[in-house]
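Presented below is the structure to which this report refers.
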Amino acid sequence: MQDAVSLSDSHIRDGRRGYISVTGVHGVMEGQADAKFRAILNKSFITAPDGMPTVWVGHAQGHSSMARVYGPDFMLRMCQLSLQRGYRHFFYGGKPGVADLLAQNLSRRYPALQVAGTYTPPFRALNAREEDDLSAMVADAKPHILWVGLSTPKQERFMARYVNRLNVSLMVGVGAAFDIHAGLITDAPCWMKRSGLQWLHRLAHEPRRLGRRYLVNNPKFLWNIGLQMCGIRQFDREA
């Protein structure tokens, strides 16, 4: 987490542009199924391990210092850093009213937080007029960080498409962080997070939306990583 925060801080202070993908098993399996989406993950400024299973796999492959970068926690850490740096935040995504509620809650938690703006997009791709409106809004707001809450893989595709079109240094896809910090859904208890069972908590709360994600992708991930660990199959990230 500290590495992710420090790298993001340096990235913003250097005035560069890029996006962060906070990715777990679901994102990995989407990348295996879709070469274009895999390229989006590979071109990110940071692709961080959002779930414990990806951390455990990293440890098994020799990356002993690898640790989880949970999206909602990363958002809070960057908000804390922003109080020192004066970074401005823009919240893009969520259902109607969620981005505004998120901004209000974070502003209450961090009274000096600078919220540059919010935008609730339609449940489809933006048309040309909407793209122009968003570009003008972001240009006027001058945020340093644009938080994207559209869920995977939609949010990563959005960031890759607009990273060079919106006047913002860093874009971060954090999915459920919008609903969690807006107070619309409860976060999993710490013991479930540590034991890699957070997916079960989310599935219990949103079975219709997340059923396929977890009940199909999780077994596929276990099967494929098992083949890789046994040396039966290799996965080239550029394949």
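If you sort LEU113, LEU184, LEU101 by accessible surface, 1.4 Å probe, largest first, the order is LEU184, LEU101, LEU113.
Annotation: amide H-H contacts under 5 Å for SER169 (H modelled 1.01 Å from N, sequence separation of 5 or more, or interchain): none.
Between the helical axis of 71-85 and the longest alpha-carbon principal axis of the chain there is an angle of about 40 degrees.
Label point of MET1 set 7 angstrom out along Cα-Cβ; within the stretch 69-108, amide nitrogens under 19 Å from it belong to 69-85, 106-107. Report the calculated FRET efficiency for ASN105 and ASN224 (r = Cβ-Cβ distance, R0 = 45 Å), to the nearest 0.05. Using R0 = 45 Å, I get an efficiency of 0.70. How many percent of Cα pairs in the chain exceed 32 Å? Taking all Cα-Cα pairs of the chain, the fraction more than 32 Å apart is 18 percent.
Computed from Cα atoms, the angle from the helix 98-109 axis to the main principal axis of the chain rounds to 80 degrees.
Sorted largest first by accessible area at a 1.4 angstrom probe radius, with every protein chain in place, the residues TRP147, TRP223 fall in the order TRP223, TRP147. The long axis of helix 207-229 is offset from the longest Cα principal axis of the chain by roughly 50 degrees. What's the carbon and sulfur percent of the stretch 85-224's accessible surface, probe 1.4 angstrom, rounded to a whole number? Taking all protein chains in place, the stretch 85-224 shows 57 percent carbon and sulfur surface.
Using a probe radius of 1.4 Å on heavy atoms only, what accessible surface per residue do you get for the stretch 63-185? Whole Å² is fine.
44 Å²
The distance between label points at ASP14 and ALA139 comes to 2.7 nm (points 7 Å beyond Cα on the Cα→Cβ vector).
The stretch between HIS59 and MET192 holds 46.0 nm of extra length on full extension. This uses 0.36 nm per residue minus the Cα-Cα distance.
Using a cut-off of 22 Å between Cα atoms, the listed pairs LYS95/LYS154; LYS43/LYS154; LYS43/LYS95; LYS36/LYS95 include LYS43/LYS95; LYS36/LYS95 as exceeding that distance. The amide H of THR47, built 1.01 Å from its N in the peptide plane, has SER21 as neighbours under 5 Å, considering only residues 5 or more places off or on other chains. Placing LYS43, LYS193, LYS154 in order of accessible area, with the largest value first and a 1.4 Å probe, yields LYS43, LYS154, LYS193.
The values are calculated or read from the model by the stated rules, or taken from the named source; none is laboratory data. Everything numeric in this text was worked out from a predicted model, so none of it was measured. Using ideal geometry, Cβ is built from the backbone for each residue, glycine included, and neighbour counts are taken over all protein chains shown. Areas reflect the complete protein model, heavy atoms only, side chains present, ligands, DNA and RNA absent. Shrake-Rupley method; radii C 1.70, N 1.55, O 1.52, S 1.80 Å.
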